[in-house]
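Asks: Before I ask anything, let me first share the structure, which is written out below as structure tokens.
The values are calculated or read from the model by the stated rules, or taken from the named source; none is laboratory data. Everything numeric here is computed off the predicted structure, so don't read it as measured data. Positions of Cβ are generated from backbone atoms using ideal geometry, with glycine treated the same way; all protein chains shown enter the neighbour counts. Note: areas computed on protein heavy atoms with side chains; ligands, DNA, RNA excluded. Shrake-Rupley method; radii C 1.70, N 1.55, O 1.52, S 1.80 Å.
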Amino acid sequence: MGTQMTELDTDQERVAPTPEREGDTVRMNMIQAINSAMDVMMARDPDVIVMGEDVGFFGGVFRATAGLQKKYGKTRVFDTPITETGIIGVAIGMGAYGLRPVPEIQFADYIYPGLDQLVSEAARLRYRSAGEFTAPLTVRSPFGGGIFGGQTHSQSPEGIFTHVSGLKTVVPATPYDAKGLLIAAIEDNDPVIFFEPKRIYNGPFDGHWDKPAKNWSGHPGGEVPTGYYRIPLGKANIVRAGEALTILAYGTMVHVCRAVVEEAGVDAEIIDLRTLLPLDIDTIEESVRKTGRCMIVHEATKTSGFGAELSALVQERCFYSLEAPIERVTGFDTPYPHSLEWAYFPGPVRIGEAIKKIMKDA
Amino acid sequence: MASETRANLKPLSLHVPEPKFRPGDEVDFADVEVPPAGAARRPDTADRADSFTELAYTLVRVLDDDGKAVGPWDPKLSPEVLRRMLRAMALTRAYDERMFRAQRQGKTSFYMKCTGEEAVAVAAAFALDRDDMCFPSYRQQGLLIARDWDLVDMMNQVYSNKGDRLEGKQLPIMYSTKEGSFFSISGNLATQYPQAVGWAMASASKGDTRIAATWCGEGSTAEGDFHSACTFASVYRAPVILNVVNNQWAISSFSGFAGAEATTFAARAIGYGIAGLRVDGNDALAVYAATQWAAERARTNQGATLIEHFTYRAEGHSTSDDPSQYRSAQEYGAWPLGDPIVRLKQHLIGLREWDEERQAAMDKELAEKVRAAQKEAEKNGILGHGLHQPLDTLFEGVYEEMPWHLREQQRQMLAEEQASGRPWARK
Ligand SMILES: Cc1ncc(C[n+]2csc(CCOP(=O)(O)OP(=O)(O)O)c2C)c(N)n1
Ligand SMILES: [Mg+2]
């Protein structure tokens, strides 16, 4: 187990977020950046409220809401009963009144009881009431694997939500992006699912689980403005420019791909999608037309995963530019295992093999 | 937002529950009502559920402050059974201590103790038949221990090692044993509740004699599954015992966030028209008696009983939290219902069937037994150190028969293993 975060070992980040100062920009880990986004938005807009299991006095099991109840009071930052149906449903009702709720679902693996309220209600409210009612909520939830969390603390269910018309889905890959995207999500008038890759809460992860964990201090994405800024939803980020191949990734996999590409010495262009829906299709098209090759990497299972949608889009729009079949590198189509986590996880070996395959005739 | 026309009305205000004590606070539980042992009546098991609703608001207690068993709920167990019950509770505590420490030593990823709540599971297991089906939450390891389940087998699961019957697929402590009539534990709260009702309905529809029992924490009663289960249990008079373990805390949230400021958890039964009992959960005899009574109702087609076990979570929620961050450290010491092991011990000593020397000797023996079991289990490996399951087992058990795409992915994984150039490089 050694260096990696042990399952749910949230104790290690028990300190309330007090980022290091450096002018207007400070060093933050992703939890602190998320905390800062909510703090900034609560200060700007009295209608923003934060709710969820253990988010109040305790400040959340990952400490993402630490200090907010003290600052903004119990009626704006409160613990909820343990019912995800209730949390989402109540947030929709509060949104209907005019508030801007930011509910937390403690782990994405526990979002399913809230699915009916999300899929049948939040997603369709604007449509079915011809805009009379909307659901301006941002559902935050830690997701993804790499922490020995077993099948109930590791899943990546984003594909369930991108399949639902009316929902937006966002996944940040750095503290800087997390804050800017979360602010944009809170300001958005449509329901947003904001999945936080918990494996990179404390630092970028290169996929080598057996090497010492890094923190955010050496990464430019760990420099975060203290005030308000937004990163528009629907805008991808080219994290590495390249000519040989386009890699589409998001969340933890952005960092794993980057490390693999550097190690393999391939001139890949890595696009961090940041928002899965609405998707930045222009950036993707432009890149694939240039490189002629496209690889899609996500932790989630393969079948009917978001990679299938990406693959179809690229094929439909860039077919005549493609020089090799599109590659999908994903988690395997099994429930998330416990002991064989690193055999399951789409790590450096799986990505490396896929790069060899797609570059074979280059 | 208040509109002009309503300006003469008083503004509304939102109530948000707050626990009595936070870190650093002096604790005084004077307002926790503890009725005297023996005071609650014991209705006939054939009585209508709505004829004894007061039992949902009191505490069924058998052991008084001196450790004497009093009143109509005294199950009058033989000293031999009492000693076995005490032993199972002490073994549960010793097992928890050991496994918690193993997690701290990095031997596994996760652990959860049931310290202070041992009576809830152990006494229930003694009152149920060995083949009555249990649908537990993650905090009823006492059921398995009371059923004499092999400690090494349990530890193998905690370590996800090569002796783990669950093949390293499930999070530690999420045991499963059909042979032990113990349903596969889920990490998703309260899902077991309707499943237990379904099992009980099936047993009834088949003319079987076995009943089901399920457990969830007080926090989990907020989940819709809990309420669906109560509705089905009521509608079909399912032969099931619905246990709510009210240990006052759900991670950092006190029971008020599940509704305890307004009423009891046992009182949930009243609205559903099922029998409700509120029991001193640190009194093994009361837990035994209530379970036995509920089992008799179930076996005679009187339907479900909801039992609230009033107890206290003595330690952290799991290895992942530090309770001193959100509750007063004094709480457990001040808890008015004491320690379930100490209380049963005191009872046996009062009967002159036990003494401190034998208790000390037993504790020593159990610590040794657990240590020996741990040694044995660790021969099968610990989490993260070596490959305990063949790689390709990852794909087994998703379906009864493996579809083509999984066979393909299985081959892909083995090829990756080769490509890595290191045997079991991703161990
Ligand atoms: C559906 C679901 N939501 C949230 C969680 C996270 N979670 C795990 S345990 C827990 C608290 C449960 O408290 P309680 O029901 O009182 O049981 P206790 O832990 O006290 O035994 C929470 C919120 C979960 N496991 N499943
Ligand atoms: Mg509880």
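Asks: List every residue pair whose Cβ atoms sit under 7 Å apart, with the two residues 6 or more apart in sequence or on different chains, where the first one lies in the range B:186-204 and is part of a helix (DSSP H, G or I) and the second, anywhere, is β-branched (Val, Ile, Thr).
Replies: B:Gln192/B:Thr214; B:Tyr193/B:Thr214; B:Ala196/B:Thr214; B:Ala196/B:Val240; B:Val197/B:Val240; B:Ala200/B:Ile211; B:Ala200/B:Val240; B:Ser203/B:Ile211
Asks: Could you check the range B:205-217 and list, in sequence order, the residues that are surrounded by fewer than 21 Cβ atoms within 10 Å (Cβ to Cβ) and either in contact with a His (Cβ under 7 Å, 6 or more places away or on another chain) or closer than 12 Å to B:Val240 by Cα (or both)?
Replies: Answer for the range B:205-217, where residues must be surrounded by fewer than 21 Cβ atoms within 10 Å (Cβ to Cβ) and either in contact with a His (Cβ under 7 Å, 6 or more places away or on another chain) or closer than 12 Å to B:Val240 by Cα (or both): B:Thr209, B:Arg210.
Asks: Quick one: how many residues across the range B:111-153 are within 19 Å of B:Ser186 (Cβ to Cβ), open to solvent by 10 Å² or more (accessible area, probe 1.4 Å) and either within 14 Å of chain A (Cβ to nearest Cβ) or among the aliphatic types (A, V, I, L, M) (or both)?
Replies: Qualifying residue count, the range B:111-153: 3.
Asks: Residue under question is B:Gly198, and the condition is that it be within 14 Å of ligand 1 (Cβ to nearest atom) and within 22 Å of A:Tyr112 (Cβ to Cβ); does it hold?
Replies: For B:Gly198, the condition - within 14 Å of ligand 1 (Cβ to nearest atom) and within 22 Å of A:Tyr112 (Cβ to Cβ) - is not met.
Asks: Considering the range B:219-253 alone, what residues qualify as being closer than 14 Å to B:Glu117 by Cβ and of a type in the set (Phe, Trp, Tyr)?
Replies: Residue satisfying the conditions is B:Trp249 alone.
Asks: OK, next. How many residues does the range B:86-106 contain that are outside any helix (DSSP H, G or I) and either away from chain A (no Cβ under 14 Å) or not small (Gly, Ala, Ser) (or both)?
Replies: Total meeting the criteria: 1.
Residues are listed down the side, and each one gets a yes or a no for (1) touching a Pro at 6+ places or on another chain (Cβ under 9 Å); (2) more than 16 Å from ligand 2 (Cβ to nearest atom); (3) open to solvent by 10 Å² or more (accessible area, probe 1.4 Å); (4) without any contact (Cβ under 8 Å) to a residue 60 or more places away in the chain:
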site	(1), (2), (3), (4)
B:Val235	no, yes, yes, yes
B:Phe265	no, no, no, yes
B:Gly273	no, yes, yes, no
B:Arg278	no, no, yes, no
B:Ala290	no, yes, no, no
B:Trp293	yes, yes, no, no
B:Arg299	yes, yes, yes, no
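Asks: Specify the residue that is nearest to B:Val70 (Cα to Cα); the eligible residues are those in the range B:301-315 that are more than 16 Å from ligand 1 (Cβ to nearest atom) and open to solvent by less than 10 Å² (accessible area, probe 1.4 Å).
Replies: Per the criteria, the residue is B:Thr305.
Asks: Provide a single number: the residues in the range B:161-189 that are more than 13 Å from chain A (Cβ to nearest Cβ), out of contact with any strand residue (DSSP E or B) (no Cβ under 6 Å at 6 or more places or on another chain) and open to solvent by less than 10 Å² (accessible area, probe 1.4 Å).
Replies: Selection size over the range B:161-189: 2.
Asks: Which residue pairs have Cβ atoms under 9 Å apart, sit 6 or more places apart or on different chains, and have a first residue in the range B:34-62 that is free of Cβ contacts under 8 Å to residues at least 24 places away in the same chain and a second that is among the hydroxyl-bearing types (Ser, Thr, Tyr) and outside any loop (DSSP other than H, G, I, E, B)?
Replies: Short answer, once both residue conditions are applied: B:Pro43/B:Ser51.
Asks: Then there's this: Collect the residues in the range B:66-85 that are assigned to a loop (DSSP other than H, G, I, E, B) and under 23 Å from B:Leu143 (Cα atoms), keeping them in residue-number order.
Replies: B:Trp73, B:Asp74, B:Pro75, B:Lys76, B:Leu77, B:Ser78
Asks: Same structure, new question: Checking the condition in contact (Cβ under 8 Å) with a residue 24 or more places away in the chain, in contact with a helix residue (DSSP H, G or I) (Cβ under 8 Å, 6 or more places away or on another chain) and away from ligand 2 (no atom under 16 Å from the Cβ), which residue from B:Asp339, B:Asp283, B:Asp321, B:Asp355 passes?
Replies: B:Asp283
Asks: Which of the residues belonging to the range A:279-297 are closer than 16 Å to A:Ala244 by Cα and assigned to a strand (DSSP E or B)?
Replies: Those that are closer than 16 Å to A:Ala244 by Cα and assigned to a strand (DSSP E or B): A:Cys294, A:Met295, A:Ile296.
Here's the yes/no breakdown for (1) under 12 Å from the mean Cα position of the chain (by Cα); (2) at pLDDT 95 or above; (3) not aromatic (Phe, Trp, Tyr):
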residue: A:Ser156; (1), (2), (3): yes, yes, yes
residue: A:Phe161; (1), (2), (3): no, yes, no
residue: A:Tyr176; (1), (2), (3): no, yes, no
residue: A:Leu181; (1), (2), (3): yes, yes, yes
residue: A:Asp188; (1), (2), (3): no, yes, yes
residue: A:Ile200; (1), (2), (3): yes, yes, yes
residue: A:Pro212; (1), (2), (3): no, no, yes
residue: A:Gly218; (1), (2), (3): no, no, yes
residue: A:Glu223; (1), (2), (3): no, yes, yes
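Asks: From A:Ile88, A:Ile92, A:Ile49, A:Ile82, grab the single residue that is out of contact with any Asp or Glu (no Cβ under 6 Å at 6 or more places or on another chain) and either within 14 Å of ligand 1 (Cβ to nearest atom) or over 27 Å from A:Arg199 (Cα atoms) (or both).
Replies: A:Ile88
Asks: Residues that are over 19 Å from the mean Cα position of the chain (by Cα), within 11 Å of chain B (Cβ to nearest Cβ) and not aliphatic (A, V, I, L, M): does the range A:61-71 have at least one?
Replies: yes
So that you can scan it fast, the table gives a plain yes or no per residue for (1) at pLDDT 95 or above; (2) open to solvent by 30 Å² or more (accessible area, probe 1.4 Å); (3) more than 30 Å from A:Pro348 (Cβ to Cβ):
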| position | (1), (2), (3) |
| --- | --- |
| B:Leu337 | yes, no, yes |
| B:Val342 | yes, yes, yes |
| B:Lys375 | yes, yes, yes |
| B:Leu387 | no, yes, no |
| B:Asp392 | no, yes, no |
| B:Phe395 | yes, no, no |
| B:Trp404 | yes, yes, no |
| B:Met413 | no, no, no |
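Asks: I need every pair where a residue in the range B:217-228 that is under 11 Å from A:Pro81 (Cα atoms) and touching a residue at least 60 places away in the same chain (Cβ under 8 Å) has its Cβ under 6 Å from the Cβ of a residue that is within 11 Å of ligand 2 (Cβ to nearest atom) and open to solvent by 20 Å² or more (accessible area, probe 1.4 Å), sequence separation at least 6 or different chains.
Replies: Pairs found: B:Ser220/A:Ile82; B:Ser220/B:Leu189.
Asks: Identify all residues within the range B:233-262 that are within 16 Å of ligand 1 (Cβ to nearest atom) and more than 10 Å from chain A (Cβ to nearest Cβ); write none if there are none.
Replies: B:Leu242, B:Asn243, B:Val244, B:Val245, B:Asn246, B:Asn247, B:Gln248, B:Trp249, B:Ser255, B:Ala260, B:Glu261 - these are the residues of the range B:233-262 that are within 16 Å of ligand 1 (Cβ to nearest atom) and more than 10 Å from chain A (Cβ to nearest Cβ).
Asks: Across the range A:302-336, what is the total count of residues that are of a type in the set (Ser, Thr, Tyr) and facing chain B (nearest Cβ under 10 Å)?
Replies: 4
Asks: Another one. Among the residues of the range A:108-151, which ones are within 21 Å of A:Ser304 (Cβ to Cβ), touching a residue at least 60 places away in the same chain (Cβ under 8 Å) and within 11 Å of another protein chain (Cβ to nearest Cβ)?
Replies: A:Gln151
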